[in-house]
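Down below is the structure, laid out as structure tokens.
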Amino acid sequence: MKHKITAHIECGTDGKYSVYFNENLPFGCFGEGRTADEAKADFIGTFNAFRVDHLERTGENVEAEFDFVYDASAFLQHYKGMLTLSGLSKMTGINKEQLSQYVRGQRHPSPRTQERIKAGVQRFAQELSRAMA
């Protein structure tokens, strides 16, 4: 049986990314890196090493499919070169300085603010996909 796992990507105040999951599996793992892609690769490599070790010890093969989900700070940090703070401010209705603090890891958005960011970005993505049809 292949597990569908939500892997959470976070960005710390030091600018490094980490990846983890909360699902109930026979083992846990963690990944980290200077970029989101490095952290994902480290996470997958660590998961596979633990999977092989678990298989050798128990005979149980734990297969997984990952759905990587960014928290708001990691999303903003990862896409900062592609999306401007002014543009994100227009999309979300959130002050540019406040967004900047999230990008720098000085503050973390509340759950309500995370939803505003998510909703604004999703609206933009839907509009973009309709424009390119």
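Quick note: the coordinates plus some simple rules give every number you see, no bench work behind them. Quick caveat, the model's predicted, so the values are computed rather than measured. A quick note on method: Cβ atoms are made from the backbone with ideal geometry, for glycine too, and the neighbour counts reach across all protein chains shown.
Run through the DSSP bridge list for region 2-70 and note the antiparallel percent, rounded to the nearest 5.
Beta bridges within region 2-70, antiparallel portion: roughly 55 percent.
Pairs to check: 4/96; 96/118; 2/80; 16/90. Give those whose C-alpha atoms are more than 24 Å from each other in this structure. List each step's numbers first, then the result.
Values: 4/96 36 Å; 96/118 16 Å; 2/80 34 Å; 16/90 27 Å.
Correct reply: 4/96; 2/80; 16/90.
With R₀ set to 30 Å, the beta-carbon distance separating residue 126 from residue 38 gives a calculated FRET efficiency near 0.50.
When only C-alpha pairs under 8 Å and at least 6 residues apart count, what is the relative contact order of the chain, in percent?
Details: 187 pairs, mean separation 30.8, N = 133.
Computed value for the chain: 23 percent relative contact order.
Extension gain, residue 14-residue 30: 0.36 nm per intervening residue step, less the Cα-Cα distance, totals 4.0 nm. Of the residues 28, 72, 48, the one whose Cα sits farthest towards the positive end of the charge dipole of the chain is 72 (charges of +1 on Lys and Arg Cβ, -1 on Asp and Glu Cβ, taken about the Cα centre).
In this label model, residue 118 and residue 90 are separated by 2.5 nm, measuring between points 7 Å along each Cα→Cβ vector. Counting Lys and Arg as +1 and Asp and Glu as -1 over every other residue whose Cβ lies under 13 Å from the Cβ of residue 86, the net charge comes to +2.
Roughly how many debye, to the nearest 20, is the charge dipole of region 18-133 about its Cα centre, given +1 on each Lys and Arg Cβ, -1 on each Asp and Glu Cβ, and no other charges? Mind showing how you got there, number by number?
On the way: 14 positive and 15 negative charges, 195 e Å.
With Lys and Arg at +1 and Asp and Glu at -1, about 940 debye.
Report the antiparallel proportion of the DSSP beta bridges in the chain as a percent, rounded to a multiple of 5. For the chain, the DSSP antiparallel bridge percentage is about 55.
Please work out the FRET efficiency for the pair residue 60 and residue 98, using the Cβ-Cβ distance as r and a Förster radius of 41 Å; give the result to the nearest 0.05. The partial results should precede the final answer.
On the way: r = 47 Å, r/R0 = 1.14.
Once the sixth-power term is evaluated, E becomes 0.30.
Say R0 is 30 Å: what FRET efficiency, to the nearest 0.05, do residue 79 and residue 23 get from their beta-carbon distance? Present the calculation step by step, with values, prior to reporting the outcome.
Numbers: r = 26 Å, r/R0 = 0.87.
Here the calculated transfer efficiency is 0.70.
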